[in-house]
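Input: a single structure, listed below in structure tokens.
Nothing in this text is a laboratory measurement; each read-out follows from the coordinates by a stated rule. All values reported here derive from a predicted model rather than from experimental measurement. Glycine also receives a Cβ, built like all others from the backbone with ideal geometry; neighbour counts cover every protein chain displayed.
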Amino acid sequence: MKGGQFRFAACLLLLCGAPAMAHHGVAGVGAAALEGPGAPVESAGSAVLPEGKTLLYAKLDYAKFKSVNPADTEADSNQFWMAGLGHGFTPWLSAYVFAPYNRKIDSAEPAGAATPQFDTRGWADPSVMAQLGFKYDQGFKLVPANESLDDLEDWHFTLFGGFSIPHGKPDLKDRNGDIHPAKSTGFGTSDRSLGLTATRMLSKNLTFNSELSGIRFRSYRYQADTSYPTGRDFRFGAEDRLNLALAYRFHTNVAQKFRADFSLEAQFLRLQPDAANGLADPDSGGRVAYLLPGIRLYQDNMSFAFGIKTPVWKKLNQASGLQQGSEGTEKYRLIFSVSSLF
């Protein structure tokens, strides 16, 4: 299981692309943020960038893994850094580009380890995404240029999608001369993502948000290495997500244009098995549920978010459950992001 190594870049595509706006709390910029809907820390939301406005975004997802298999040095911790740039071309259409930088760190090499310590770092595959915003008000319609506070209480939706551009290095080798796809910094081929969000203010201070999204990967022919002298075809398993979130506004200072929200997200992740040379890997894939409590702060045209994400349930396909360094085996994930609209 790849442990969400490049998903950070895509996804999330989260902030993945369209979600970028969401996680960035675009809905909470300017005066409307003081009274309007809130946004979750990580899940994609239904805010579209205002026409003619540009968003700068940065995010860190730090994953610390449990030592579930001392003989496997695949990952002790991962750092997924992300820089993003978005622009509102119309009141209902936004586009984004994301540049991810990944760092994957092994623990100290244990005695008798199957593979040597193998730390990797570098720029991963950038992503390009577009987001279409619409609402329901006596029928579905595209998001208008200006909305009153009453209008913001309507159901809002976004449809987003995009793709990555191969740029990272997919064929990184360890000291034994073996390639580890999950430790490399690129997929070798482009992935595709598609998602849908729905958001509604339940009360003056409480906002409900949901996201349904997925990523699909293509097969890549890896170079020859020690274990595979003729090379091999490898494809990462598809990823599907269902996220539900509540954001509660607990403090507002109109004079200072400041707002503070608490958010709670429940995230469900389904990972299909990886496939090598056309055969599914039975020791990869599974299902994981996470809880992510967090805080989002708005100051004038900026937004700051912080949360701690932990797995609360998992069912990994590997019988022993020893999928070192993968989703579901984290001790925790620290999520921090900052964005500015201008």
When you go through S184, S219 one by one, which is the residue that is within 20 Å of D274 (Cα to Cα) and in contact with a Leu (Cβ under 7 Å, 6 or more places away or on another chain)? S184
Result of the Cβ filter at 6 Å on the stretch 254-277, keeping first residues that are at positive phi and touching a residue at least 40 places away in the same chain (Cβ under 8 Å) and partners that are assigned to a strand (DSSP E or B) and buried (at least 16 other Cβ atoms within 10 Å of the Cβ), at least 6 apart or interchain, is N277/R232
Just give me the residues in the stretch 281-298 being touching a strand residue (DSSP E or B) at 6+ places or on another chain (Cβ under 9 Å) and assigned to a loop (DSSP other than H, G, I, E, B), in sequence order. D281, D283, S284, G285
Of those in the stretch 159-204 that are among the basic types (K, R) and touching a Lys or Arg at 6+ places or on another chain (Cβ under 6 Å), the residue farthest from Q223 (Cα to Cα) is R192
Per-region count, the stretch 256-275, residues among the aromatic types (F, W, Y) and within 20 Å of the chain's Cα centre (by Cα): 2
Kindly indicate whether any position in the stretch 178-186 is surrounded by fewer than 16 Cβ atoms within 10 Å (Cβ to Cβ) and either free of Cβ contacts under 8 Å to residues at least 60 places away in the same chain or closer than 16 Å to G45 by Cβ (or both). no
Residue by residue through the stretch 187-197, note down the ones that are outside any loop (DSSP other than H, G, I, E, B) and in contact (Cβ under 8 Å) with a residue 60 or more places away in the chain. S193, G195, T197
Number of the exception - A145 against (1) touching a residue at least 60 places away in the same chain (Cβ under 8 Å); (2) of a type in the set (A, V, I, L, M, F, W, C); (3) farther than 20 Å from E42 by Cα; (4) part of a strand (DSSP E or B): (4)
Scanning for something assigned to a strand (DSSP E or B), of a type in the set (K, R) and either surrounded by fewer than 21 Cβ atoms within 10 Å (Cβ to Cβ) or within 22 Å of the chain's Cα centre (by Cα) (or both), does the stretch 150-169 turn up at least one residue? no
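Kindly indicate whether any position in the stretch 120-137 is out of contact with any strand residue (DSSP E or B) (no Cβ under 9 Å at 6 or more places or on another chain), within 29 Å of E35 (Cβ to Cβ) and not acidic (D, E).
No; the residues of the stretch 120-137 include none that is out of contact with any strand residue (DSSP E or B) (no Cβ under 9 Å at 6 or more places or on another chain), within 29 Å of E35 (Cβ to Cβ) and not acidic (D, E).
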Residues satisfying the stated conditions in the stretch 199-254, i.e. crowded, with 16+ Cβ neighbours inside 10 Å, closer than 16 Å to G294 by Cβ and hydroxyl-bearing (S, T, Y): T207
Kindly state which strands (runs of 3 or more DSSP E) lie completely within the stretch 200-280 and contain at least 3 residues that are closer than 25 Å to A44 by Cβ. 206-216, 239-253, 258-271
Is there any pair linking a residue in the stretch 198-211 that is in contact (Cβ under 8 Å) with a residue 40 or more places away in the chain and of a type outside the set (A, V, I, L, M, F, W, C) to one that is exposed (fewer than 15 other Cβ atoms within 10 Å of the Cβ) and in a strand (DSSP E or B), with Cβ under 8 Å and at least six apart or on different chains, and which? N205/F250
